[in-house]
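Okay, structure first, notes after.
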Amino acid sequence: MKNLIIILLLIPVLVWAQNPSGKEILERIDENMASKSTISTSKMVIHGARQTRTIKAKSWGMGDEKSFTEYLAPAREKGTKMLKLEDELWIYSPSSDRIIKISGHMLRQSLMGSDLSYEDMMDNAELLEDYDAGVIGSEIIDERDCWIVELQAKTAEVNYQTRKMWVDKSRYIPLKEELYAKSGKLLKKLELSEITKIGNRWYPQKMIFKDMLKKGNGTEFIIDEIEFDKEIEAYIFTKASLK
Amino acid sequence: MLAIKLAYRNLVGAGLRTWLNVIVLAFVLFMIIWHYGILDGWNEQANRDMQAWEVGNGQYWQENYDPYDFFTLEDSHAKIPEVLQKASSDGIVTPILISQASVYPDGRIQSMLLKGIDPEQKVIAIPGAELNIESEAMPAGRQEISAIIGKRMAKNCKLKEGDITTIRWRDVNGTFDALEVKIVAIFDCNVPSIDGGQMYININTLQEMMQAPNEATLFVIDEDYEMSEDISGWVYKEFDFLMTEMNEMMKMKKVGGSVLYFILMLLAMLAIFDTQVLSIFRRQKEIGTYIAMGMTRRQVVSLFTVEGAMHAILAVAVVSTLGTGFLLWLQSIGFTMPAGTDDMGIAIAETIYPVYGAGLIIGTSLLVFVITLIVSYLPARKISKMKPTDAIKGKIQ
């Protein structure tokens, strides 16, 4: 009888241990994915209604706030550079030899015809600041057991009122994310796969971004190489490096 | 008087050569009157349609609103002022709320302006009453709202009445939202600026969708509205200001058209000039005889000048006898614009009915007459240098 009482008393503790809070899950994701700096080469495969295009790029990133991307291929996009400093974004186009600041309505435009907008790139992903997170269930995704975490906006000033994340229970990495409109309509879906161990962290090598209101198979974002916590010269993140 | 009589006799005597010149001149005159009539008819129709469908008798704009800068749209809406609220209830002004949005017809994304209008309004001709089909503010469950679009928007998005499509927009806080809309009506109007890339829904629904209760971007005012005071935060735009672009374009069209008339007139004047030179060359004996019979050189020059200018008088006579009926017939059937003209972004009806004002007819006739007079005089000046004795002998001078 005494043992039974002990077991019953321990159940909530065990359940808690198995079901971390949404906040904890987001913190663990950050621990796993966030880094001081990244240098990567990647390709973006855009599946349009009529054709598929592949764009190659090399990127340098410093936390969530600074990033610099140089497009390497195809010839049409080669030499285009993009600089993001906190909430500001500039693009250099070699054909016009001009630096353009992307702001206001232009931020909503598609990034090189992909399913991502410039605004999606500006998302600094500090989810805990803007959202309350709660675990609402679990599901198997790509043979991995996942928590389903629902994020509800704390304030009115966010792009998406509701988000849902499927987070790998053991690796603490999201495998799927859905972004919803206020009306509850699904607007965008992100799928992460080819999770690879890089150093002491798990990292997705492939992401598929899909605007759910648009036809087409979405945009694939494939990381060919990535290095974490490398020293990056400060001049990279200046407007001078755009030209 | 003698000069006129003689000139008339000589002209008629010249036969086919005279009538060839007269027909060319009459054609030019006819073309100018008809084309300017078309432009004036177009201008009148565009003014009428734009007033009825878009600009009303003037507008009040929220102070940040700039229709040429879409970046201003996010900040160009404000609470409806009391004085305009009252006028709106009286039906003499109508509010319009504007937001940027995207529509996804058949899975394609297209940017558009989402406009909220009062379904009961009668100030502009947009058939808002169609939005009352579902008597909505915001329907319960927020699944589907009704919308109306113009024929150009319907064509571009391949939408038809009864179709359901998705729209996405952001509220005043920047949060994305999306809903299904049902196209309840497609209206046909000649004003592309209220049609292409625009969708109309109930203003109450849009205010709720944008989280902007009782707000508007602009007001269209009726002729019964009386301006009384400045309204803080709102800027009055008078009718003429709102029509500036259209009027400028019509002016440009007239200038563009006048290049063609200049070329036509040049050809006609060249014919008259040649005729005059030929007449003076061939009729040297006649000129010598006139002078020998006592006419002064000036009188002879006048005779030949009047003779040339009479081509213009005959041309006016031809146009007013034969052309009037034709011009009136063209006015009754109108001029059908080529297919696709209404996609040029300007207010234009399928058929334009020319308007011939007295100013246009008299002004054009006078212009043709004066130019013909000048062109007739220039070769005739040579007569004053002729020696009458040599002229009688028919010696070439």
Would it be correct to say that B:Pro105 is surrounded by 15 or more Cβ atoms within 10 Å (Cβ to Cβ), modelled with pLDDT of 85 or more and over 33 Å from the mean Cα position of the chain (by Cα)?
yes
Take the residues of the stretch A:147-188 that are touching a Leu at 6+ places or on another chain (Cβ under 9 Å) and more than 17 Å from A:Leu127 (Cβ to Cβ): which is surrounded by the fewest Cβ atoms within 10 Å (Cβ to Cβ)?
A:Leu186
Picking from B:Val255, B:Val235, B:Val306, B:Val259, the residue that is at pLDDT 80 or above and either buried (at least 17 other Cβ atoms within 10 Å of the Cβ) or of a type outside the set (A, V, I, L, M) (or both) would be B:Val306
Given the options A:Ile11, A:Ile7, A:Ile29, name the one that is modelled with pLDDT of 80 or more and over 30 Å from A:Ala73 (Cα atoms).
A:Ile29
Can you tell me how many residues within the stretch A:113-146 are surrounded by 21 or more Cβ atoms within 10 Å (Cβ to Cβ), within 14 Å of another protein chain (Cβ to nearest Cβ) and in a strand (DSSP E or B)?
1
Return the pair list, or none, for Cβ contacts closer than 8 Å from residues in the stretch A:205-219 that are closer than 14 Å to A:Thr52 by Cβ to residues that are of a type in the set (Phe, Trp, Tyr) and in a strand (DSSP E or B), at least 6 apart or on different chains.
A:Ile208/A:Phe221; A:Gly218/A:Phe209; A:Thr219/A:Phe209
Cβ-Cβ under 7 Å pairs, at least 6 apart or on other chains, the stretch B:1-23 side closer than 15 Å to B:Asp274 by Cβ, far side basic (Lys, Arg) and surrounded by 14 or more Cβ atoms within 10 Å (Cβ to Cβ):
none
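Listed here are the residues, each with its yes/no results for (1) more than 9 Å from chain B (Cβ to nearest Cβ); (2) small (Gly, Ala, Ser); (3) not in a strand (DSSP E or B).
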residue	(1), (2), (3)
A:Val158	no, no, yes
A:Val167	yes, no, no
A:Tyr172	yes, no, yes
A:Glu177	yes, no, no
A:Lys189	yes, no, no
A:Leu192	yes, no, no
A:Tyr203	yes, no, no
A:Lys206	yes, no, no
In the stretch A:211-243, how many residues are surrounded by fewer than 18 Cβ atoms within 10 Å (Cβ to Cβ), outside any loop (DSSP other than H, G, I, E, B) and acidic (Asp, Glu)?
3
Entirely in the stretch B:170-264, the strands (runs of 3 or more DSSP E) that have 1 or more residues that are free of Cβ contacts under 8 Å to residues at least 40 places away in the same chain, within 14 Å of chain A (Cβ to nearest Cβ) and of a type in the set (Gly, Ala, Ser):
B:176-187
Top-ranked residue of the stretch A:40-70 - restricted to ones that are free of Cβ contacts under 8 Å to residues at least 24 places away in the same chain and touching an Asp or Glu at 6+ places or on another chain (Cβ under 7 Å), ranked as farthest from the other protein chains (Cβ to nearest Cβ)
A:Lys58
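The values are calculated or read from the model by the stated rules, or taken from the named source; none is laboratory data. All values derive from a computational prediction rather than experimental measurement. Reconstructed Cβ throughout: ideal geometry from the backbone, glycine too, with neighbour counts over all protein chains shown.
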